[in-house]
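J.: Quick one: the structure is below, and I'll ask about it shortly.
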Amino acid sequence: MPADKRVTRASFHDLTPLSVPRPMSVLPTRNWTDAQWERIKLGYQSADMDEKWDVFTEDDVVFPERYGGTSGMRAALTLELVLSTIVLGEDAPELRTRLVELATPSSSNDALPGVVLHSILGLRSGT
C-alpha cells in the first residue's frame, strides 16, 4: 500500500474486532515528532508474509496487528520498533539491540540476533 494512503480497519478483510481491548501495561517512552505522528497515523499494511505487522490508528490509539503477541516491556519495545522501523522506515539499531537482549535467554549464547529480529519484527517491503 502506498505510504501516503491511510490504512484503516476497513483495509483488512479478515480483521476481527477486539471483544475486550486491553491497554498495554508498559508503553514506549519515545516522544514522536508531529511529522512522525502524522506518518504513523497513516498506518502500514504488509505486502507479504515476511512483513509480520499491519498498523492502523483510530483517534489517538495505535493498533498493531500481528500473529501471536507479547506483553510487558518486550511489548512496549516491540511496538516502538514496529512504529520506528516498519512504519517510519528508520534503522533503530539501539532498539534492535535491546529487543535481542530481552528476547534472548541469559543462558543462551548461540541465539543469532538476525533470527530473533526476523522472528519478532519480520521485514519491511523494499528493505
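J.: What FRET efficiency would be calculated for the residue pair R98, E58, taking the C-beta separation as r and a Förster radius of 25 Å, to the nearest 0.05?
T.: Efficiency at R0 = 25 Å is approximately 0.30.
J.: Taking R0 as 25 Å, what's the FRET efficiency between A10 and D34 from their Cβ-Cβ distance, rounded to 0.05?
T.: Result of the calculation: an efficiency of 0.45.
Just so you know, all these numbers are worked out from the coordinates, no wet-lab data involved. Computed from a prediction, not measured in an experiment: that's the story for all the values here. FYI the Cβ positions are ideal-geometry reconstructions off the backbone, even for glycines, and counts take in every protein chain you see.
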